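Chemist: Here it is, the structure, as structure tokens.
The values are calculated or read from the model by the stated rules, or taken from the named source; none is laboratory data. In this text the structure is predicted, and so the values were computed from the model without any measurement. Every residue, glycine among them, receives a Cβ derived from its backbone with ideal geometry; neighbour counts consider all protein chains shown.
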Amino acid sequence: MNFEKEIKDDIIIEKVNLIRATYKEAKEFMNFIQNDIEAGWKKIIIDMKNCKFMDSSFLGVLINSLKQLEQSKGSLKLASVHDDAQIILDITSISDIFHIYADKEEAIRSFRAN
């Protein structure tokens, strides 16, 4: 499976099980996360632990999902971003718009602190 879900109370964690997240998987991921947004989930964590590379299509899905959630007073956070993927986020300045956490446990705690 390219993507998995884990639920912790009112938080859904979506794990990306890809080393390279490209346009081929972007549509699948868009449908995956869109289902959760439409189901009313407001707190979403994307666990990027295994993902070393994201192309612009996949980044676009992340950004669009973040915008959708923010419009409905929700929040999307990234966790366990691999160093190589972090470079891509930093170069494109996308890291400035996301809350990024060292691991999913830290991201969960950040939701509970609010």
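Chemist: Touching a Gly at 6+ places or on another chain (Cβ under 9 Å), touching a residue at least 60 places away in the same chain (Cβ under 8 Å), at negative phi and not aromatic (Phe, Trp, Tyr): is that true of Lys43 in this structure?
Modeler: So Lys43 passes the test.
Chemist: On to the next question. For the stretch 55-74, enumerate the residues that are of a type outside the set (D, E, K, R) and over 15 Å from Thr22 (Cα atoms).
Modeler: Asn64, Ser65, Leu66, Gln68, Leu69, Gln71, Ser72, Gly74
Chemist: Out of the helices (runs of 4 or more DSSP H) lying entirely within the stretch 1-108, which hold 1 or more residues that are touching a helix residue (DSSP H, G or I) at 6+ places or on another chain (Cβ under 6 Å), surrounded by fewer than 14 Cβ atoms within 10 Å (Cβ to Cβ) and not β-branched (Val, Ile, Thr)?
Modeler: Passing ranges, in order: 23-38.
Each row is one residue, and each column tells you yes or no for (1) more than 14 Å from the chain's Cα centre (by Cα); (2) at negative phi; (3) in contact (Cβ under 8 Å) with a residue 12 or more places away in the chain.
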position	(1), (2), (3)
Glu28	no, yes, yes
Val61	no, yes, yes
Gln68	no, yes, yes
Leu76	no, yes, yes
Asp83	yes, yes, no
Ile88	yes, yes, yes
Tyr101	no, yes, yes
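Let's see how each residue does on (1) hydrophobic (A, V, I, L, M, F, W, C); (2) touching a Phe, Trp or Tyr at 6+ places or on another chain (Cβ under 7 Å); (3) modelled with pLDDT of 95 or more:
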{"site": "Asn64", "(1), (2), (3)": "no, no, yes"}
{"site": "Ala85", "(1), (2), (3)": "yes, yes, no"}
{"site": "Ser95", "(1), (2), (3)": "no, no, no"}
{"site": "His99", "(1), (2), (3)": "no, no, yes"}
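Chemist: Lys24: among the charged types (D, E, K, R) and either touching a residue at least 60 places away in the same chain (Cβ under 8 Å) or out of contact with any Lys or Arg (no Cβ under 9 Å at 6 or more places or on another chain) (or both), yes or no?
Modeler: Judged against the criteria, Lys24 is a match.
Chemist: Looking only at the stretch 39-55, which residues are within 12 Å of Gly74 (Cα to Cα) and not basic (Lys, Arg)?
Modeler: Hits for the stretch 39-55 are Gly40, Trp41, Ile44, Ile45.
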